[in-house]
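Worksheet: one structure, shown below.
Readers should treat all values here as calculations from the given coordinates under stated rules, not as data from a laboratory. Since this is a predicted model, take the numbers as computed values, not measurements. Neighbour counts run over all protein chains shown; Cβ positions are idealised from the backbone, glycine included.
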């Protein structure tokens, strides 16, 4: 999911609002309708809601105009297809100013009492996003510019390979422009890394080492190292140029010229920028001490509180989250004990963990055949659950889903699997990515639960439905709040059990292991960033309560150290959805409809948890009245 967050985060680094946009929004304000002294009629509310929705769509159009990368993720090809986001601190400040002006205009132009109940939610969310941006702006240098999990050193090349499609000569020329644009963006990120280091804000050693390794992999092959074998990037440029010849859109000479331009861009500014990344991180290694959490950073306690706010969309403190985690770990351990006994294992839970970690029956061979077996197994589980969806959902996604191995240059042993959304128009399917470089870090018994989390009924379903929504402002079809998105995916893991999944007891143990994983995150993330735990203390706690392979556990702990707070959203979001379902079941009794509940949860797009609660309570009230 980090890649989804990177796509959204590209909207944070935006250029200044244009004069024409300012004039357009000012014109909207002048046409505002004053609040009437008497209650508005249904017709008045409908008209004002339509006007507000139109205004929000204009605002969202302006917002994504600032982020060419986001537009590409959305499948939009226009004049910005050749551009890359401005990643400077100045651009981020300008975008925050734009948000402030937009929310101020909204409050001046619209009275929420004149809006429909759902439009009031849109009103609250537009203002809520500004609040989150204001909080984040207090810490412009704290988020690490480069890190080992989803840093721009690997994200930018992946974008060129997977998301910049070439269907015309103009697209290929835009591809060349974007190579140079990414060189500029890398340099802007390096400027931020240097400024942060001057304030004693540095990523942990393992992050530096991961950035160096990934960057060097990208720089392997022609035109970077004098090799005759092309790098992945250059091979991609060749394929994209040749596709124009195959489509009859360019002559071989024209294609060769475009390819040569791409080769020169890679060999020039792009290689120089990426080498700057490598050299700076290599030179900084001797200055790094033992890895530590956010608490050790300047103003680290306040920064971590901001990260928890954004990650959970709640005001829960680090201590409250830590205690929730301890309680959940204890509960899930008891369920694991019961399952261990049911399969006839003779020994303690720690022994059972070791058995599941080490026994060959729980892993595919570390071969290409084993990797393909894993991918096919995931596809089979997704196909099974797809047939069950109509029994549990009224709204179904239209977008397709594919399962792929992570590209070699960014693949890491034991790293988390993840999902990339497709385009709203369905032209690009959603992608579930799996790290398969080390099959001993990919337990077979967890293959099923991860497929449901990343695919159906998890991320792919939730995000696709949101993108395909009609009748809501466009920004709500693309909004992403960590606690809702990850909470839904974790809820989906247990929901799949209701739908008939996990027939093998070890697959059910895999589900419990996955839920335990997320409960441990509450303990470990807060332990690292608020209580001063060391990396090894976090690993030891993980090993004592989870059957995950140690290599995967260490990768996870290092992930939490690089992304403070993000891992807490999963369990907090799941718990909230479960609480709301229990409330609806208790109040509606026999009238409770699981399809209706799921449709109201997903039918408003991704929302903050308090907004989700409002939507569910409104649904309960409406169902009670029927």
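Give me 534, 227 ranked fewest to most by other Cβ atoms within 10 Å of their Cβ, as a rough exposure proxy. Mind dumping the intermediate values first?
Working: 534 15, 227 12.
Fewest-to-most ranking of 534, 227: 227, 534.
How much length would be gained if the chain were fully extended between residue 169 and residue 550, taking 0.36 nm per residue of separation minus their Cα-Cα distance, in nm to one decimal?
132.3 nm
Considering Cα pairs under 8 angstrom that are at least six residues apart, work out the relative contact order of the chain and quote it in whole percent.
Result for the chain is 16 percent.
Using only alpha carbon pairs under 8 Å that are at least six residues apart, calculate the relative contact order of segment 449-510 and give it in whole percent.
Reported as a whole number, the value is 45 percent.
Once a ≥ b ≥ c are taken as the square roots of the eigenvalues of the Cα gyration tensor of segment 65-156, is the result rounded (a/c under 1.5), prolate (a/b larger than b/c) or oblate (a/b not larger than b/c)?
Verdict is prolate for segment 65-156.
Take the alpha carbon atoms of segment 517-590, find their center, do the same for segment 491-508, and report the distance between the two centers in whole angstrom.
Result: 20 Å between the Cα centres.
For 60, 208, which order do you get if you count the other beta carbons within 10 Å of each Cβ and list the fewest first?
So the residues, fewest neighbours to most, are 60, 208.
In whole percent, what relative contact order does segment 538-626 give with Cα contacts below 8 Å and a gap of six or more residues?
This gives 23 percent for segment 538-626.
Give the calculated FRET efficiency between residue 246 and residue 61 to the nearest 0.05, with a Förster radius of 35 Å applied to their Cβ-Cβ distance.
0.50
Set the Förster distance to 45 Å, then compute FRET efficiency between residue 504 and residue 213 from the Cβ-Cβ distance, nearest 0.05.
According to the calculation, E is roughly 0.80.
I want to check the label-to-label distance for residue 177 and residue 116. Put each point 7 Å from Cα in the C-beta direction and report it in nm to one decimal.
So the two model labels end up 3.9 nm from each other.
Rank by packing, highest mean first: peptides 158-171, 336-349, 210-223, with packing defined as the count of other Cβ atoms within 10 Å averaged across residues. All intermediate terms of the calculation are to be shown ahead of the outcome.
On the way: 158-171: 17.4, 336-349: 13.1, 210-223: 20.5.
Descending mean neighbour count gives 210-223, 158-171, 336-349.
Which of 375, 396 comes first, and how do the rest follow, when ranked by fewest Cβ neighbours within 10 Å?
So the ranking, lowest neighbour count to highest, is 396, 375.
At what distance in nm do the modelled label points of residue 101 and residue 343 sit from each other, each positioned 7 Å from its Cα along Cα→Cβ?
6.0 nm
What's the ranking of 174-186, 608-620, 282-294 by average number of surrounding C-beta atoms within 10 Å, highest first?
Ranked by mean Cβ neighbours within 10 Å, highest first: 174-186, 608-620, 282-294.
Express the Stokes-Einstein translational diffusion coefficient of the chain in µm² s⁻¹, to the nearest whole number, given a Kirkwood radius over alpha-carbon pairs, 25 °C and a viscosity of 0.890 mPa s. Please report the intermediate quantities before stating the final value.
Numbers: Rh = 25.8 Å.
The Stokes-Einstein estimate is 95 µm²/s.
Between residue 162 and residue 264, what FRET efficiency follows from the Cβ-Cβ distance if R0 is 25 Å, with the result rounded to 0.05?
0.65
Cα centroids of segment 599-626 and segment 457-472: how far apart, whole angstrom?
15 Å
Want the number for residue 368 to residue 583: 0.36 nm per residue separation, take away the alpha-carbon distance, what's left?
Working it through step by step, the gained length comes to 72.6 nm.
In whole Å, how far is the Cα centre of segment 38-85 from that of segment 109-179?
Taking the Cα centre of each part, segment 38-85 and segment 109-179 sit 14 Å apart.
Under the rule of -39500 (n - 2.57) per DSSP H run of 4 or more residues, summed and divided by the residues of the chain, what mean residue ellipticity at 222 nm is obtained, to the nearest 500 deg cm²/dmol? Display every interim value, and only then the final one.
Working: 26 runs with 395 residues, N = 626.
That calculation yields -20500 deg cm²/dmol at 222 nm.
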